[in-house]
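The values are calculated or read from the model by the stated rules, or taken from the named source; none is laboratory data. A quick note: this is a predicted structure, and the numbers were derived from the prediction, not measured. Using ideal geometry, Cβ is built from the backbone for each residue, glycine included, and neighbour counts are taken over all protein chains shown. What goes into the accessible areas is simple: the full protein's heavy atoms, side chains included, and nothing from ligands, DNA or RNA. Shrake-Rupley method; radii C 1.70, N 1.55, O 1.52, S 1.80 Å.
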Amino acid sequence: MQMNHYDVAVCGAGIAGVAAALAAARRGKKTVIIEKQLIVGGLATSGLIYIYLPVSGIDGKVVTAGIAEELLRYSPDYGPFDLPEKYNGVAGGDNGNDPERYCCCFSPAGYTLTLERLLRDAGVEVYLETTVTGVKCDKDNRICEAELFCGADHWNIEADCFIDASGGAFMLRMAGEKVFGDGNYVTPWVVEQNEMREKIRTFYFTKDLYMNAPELSEDRFMGEVLTVAEMQEFIRRQYQGIRKFYDQVSDRKRCYPVHLPAMPQLRKIARIDGMSLIDSGEAGICRADSVGVAADWRKLAESWETPYGALVPRNIRGALAAGRCISSTGEAWEIFRVIPAAAMTGEAAGVAAAMCSDRNIDPSVLPVKDLQRELLGNGAILHIADGREK
């Protein structure tokens with residue numbers, strides 16, 4: 001196939017990748033997104049993580065906005081849930097989670113349909129069932145080409161700027177970027193038909209359709225997942241745990257699995273060695289170079305600002321990271337690995353990549369104030385103090 005050149009190329013069509021591609025394409029950039037699965041949405045959809053966690057902070061104000069808020073507002077389409085009424089949702093609606101926070105559950109399959117439509121409507125060139133099999137760097141460690149594989153075809157693409165939104169920094173690892181791992185719990189979520197128990201608020205879809213998270217054995221915690229052997233062991237335990245649960249069901253006509261995760265439910269795979277590192281204990285800190293805010297999804301607590309340098313690889317040029325593989329660690333990685341933060345960092349990376357393409361510069365030298373100005377123009381919130389009322 002002929003070599004294609006793009007302004008921006010995005011690896012991974014999870015939430016971070018979708019947000020990045022939308023941000024770049026809406027700036028008029030020729031944008032491509034590459035996804036190894038047929039399903040758009042990554043862990044949120046094919047991983048059955050069906051909760052768009054809060055974009056509101058400790059005081060109820062919206063702190064994560066822009067494309068992240070847009071994707072939240074689209075999430076109930078093709079599903080049984082509604083946004084909270086206090087955040088301009090449906091009167092008496094049910095968001096499936098916490099009605100006091102700006103969040104919403106969604107149908108994974110339905111959300112896939114919405115995200116794919118948004119990409120097509122924005123003019124993004126979408127390649128599904130397509131794998132990045134290699135990258136080429138120039139003498140300055142700048143990624144200049146990526147090799148793709150789909151069906152019976154191999155071909156290469158060029159881009160002014162690449163964005164790694166793969167969830168595990170896979171493209172940047174191929175280029176030689178240093179990465180770090182962390183532990184994971186084996187916590188499989190399964191869509192099931194179940195007529196045998198009362199509705200459990202957090203995990204239901206409709207009357208008898210549930211999202212079930214089977215309780216696994218005490219050894220469900222695994223260490224860093226980077227090797228082939230560890231990855232296969234994680235997947236084996238996931239299947240083993242699900243089977244163990246349904247082996248104990250007494251009436252299989254009334255309770256049975258309907259859909260399993262289509263990808264390993266790894267919350268943390270690898271994060272880059274970035275120009276800045278977001279670490280534990282940094283909640284509530286104001287950062288002059290912040291490109292967005294992530295709410296604490298676990299509890300009502302201080303939110304986290306996002307330094308631009310956390311998206312910029314230390315060693316590889318011509319590329320940015322977005323989503324779970326940005327430079328964060330410890331408690332911060334717990335905050336930045338979830339859907340709203342992925343969308344927020346994705347938009348920041350997409351706008352930055354588009355600006356680098358316009359100016360023919362590397363992301364490492366992009367003036368942060370210029371990027372912040374563009375993000376503000378798109379409705380993003382850069383600092384906790386600027387959180388807005390619903």
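Please tell me which of these pairs span more than 23 angstrom C-alpha to C-alpha: K86/K369; K268/K390; K61/K86; K207/K253; K268/K299? Write down the numbers at each step before the final one.
Values: K86/K369 33 Å; K268/K390 31 Å; K61/K86 11 Å; K207/K253 16 Å; K268/K299 20 Å.
Listed pairs above 23 Å: K86/K369; K268/K390.
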Study note, to complete from the structure: With all protein chains in place and a 1.4 Å probe, E331 shows an accessible area in Å² (nearest 10) of 60 Å²
Review point. What distance in nm separates the simple spin-label points at Y185 and L38, each placed 7 Å from Cα in the Cβ direction?
Key: 3.2 nm
Practice item. Subtracting the Cα-Cα distance from 0.36 nm times the residue separation, let me have the gained length for Q232 to A91 in nm, one decimal. Key: 46.2 nm
Practice item. Please find, in a Gaussian network model of the chain (springs between Cα atoms separated by less than 10 Å), the residue of I157, I335, I272 whose mean-square fluctuation is greatest. Key: I157
Review point. Considering every pair of different Cα atoms, what Kirkwood radius, in Å, is found for segment 13-89?
Key: 14.0 Å
Review point. With labels modelled as points extended 7 Å from the Cα through the Cβ direction, what inter-label distance (nm, one decimal) is found for D140 paired with E100?
Key: 5.3 nm
Review point. Can you pull the percent of Cα pairs in segment 41-132 with separation above 16 Å?
Key: 56 percent
Practice item. With a bin width of 10 angstrom, please list the P(r) values of segment 123-252 as percents of all Cα-Cα pairs, from the 0 bin to the one holding the largest distance. Key: 10, 26, 24, 23, 13, 3, 0
Study note, to complete from the structure: Whole-percent carbon and sulfur contribution to the accessible surface of segment 92-248 (1.4 Å, no ligands, DNA or RNA) stands at 51 percent
Check your understanding: In bins 5 Å wide, starting from 0, what share of all Cα pairs of segment 285-390 does each bin hold, as a percent?
Key -> 2, 13, 25, 26, 19, 10, 4, 1, 0
Study note, to complete from the structure: Tilt, helix 108-121 to longest principal axis of the chain (alpha-carbon atoms), in degrees rounded to tens, equals 30 degrees
Exercise for review: Please give the length that would be gained between R254 and E147 if that part of the chain were fully extended, namely 0.36 nm times their separation in residues minus their C-alpha to C-alpha distance (nm, one decimal).
Suggested key: 33.8 nm
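Just round it to a whole percent: the fraction of Cα-Cα distances in segment 80-190 exceeding 21 Å.
Numbers: 3763 of 6105 pairs.
Roughly 62 percent, once rounded to a whole number.
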Review point. Between E129 and D273, what is the label-to-label distance in nm when each label sits 7 Å out along the Cα-to-Cβ direction?
Key: 3.9 nm
Review point. So what is the accessible area of the chain per residue, in Å², with the probe set to 1.4 Å?
Key: 41 Å²
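How high is the FRET efficiency from Y246 to I361, r the C-beta distance, R0 51 Å, rounded to 0.05?
Given R0 = 51 Å and the Cβ-Cβ separation, E is 0.40.
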Check your understanding: What order do H154, H5 take when sorted by accessible area (1.4 Å probe), most exposed first?
Key -> H154, H5
Practice item. Return the carbon/sulfur percentage of the accessible area of segment 330-390, one whole number, probe 1.4 Å, all protein chains in place. Key: 48 percent
Check your understanding: Can you work out the FRET efficiency for the pair R298 and D59, with r the C-beta to C-beta distance and R0 = 22 Å, to the nearest 0.05?
Key -> 0.85
Practice item. Taking every Cα atom in segment 103-166, find the radius of gyration and the maximum pairwise distance Dmax, and write them in Å. Key: 15.4, 47
Check your understanding: So what is the orientation-averaged projected area of the chain, using the convex hull of its C-alpha atoms, in nm²?
Key -> 18.9 nm²
Exercise for review: Write down the percent of antiparallel bridges among all DSSP beta bridges whose residues are both part of the chain, to the nearest 5.
Suggested key: 60 percent
**Study point:** Relative contact order (percent, whole number), the chain, Cα cutoff 8 Å, 6+ residue spacing
**Key:** 24 percent
Point to revise | Formal net charge of residues neighbouring E177 (Cβ-Cβ distance under 9 Å; K, R +1; D, E -1) | key: +1
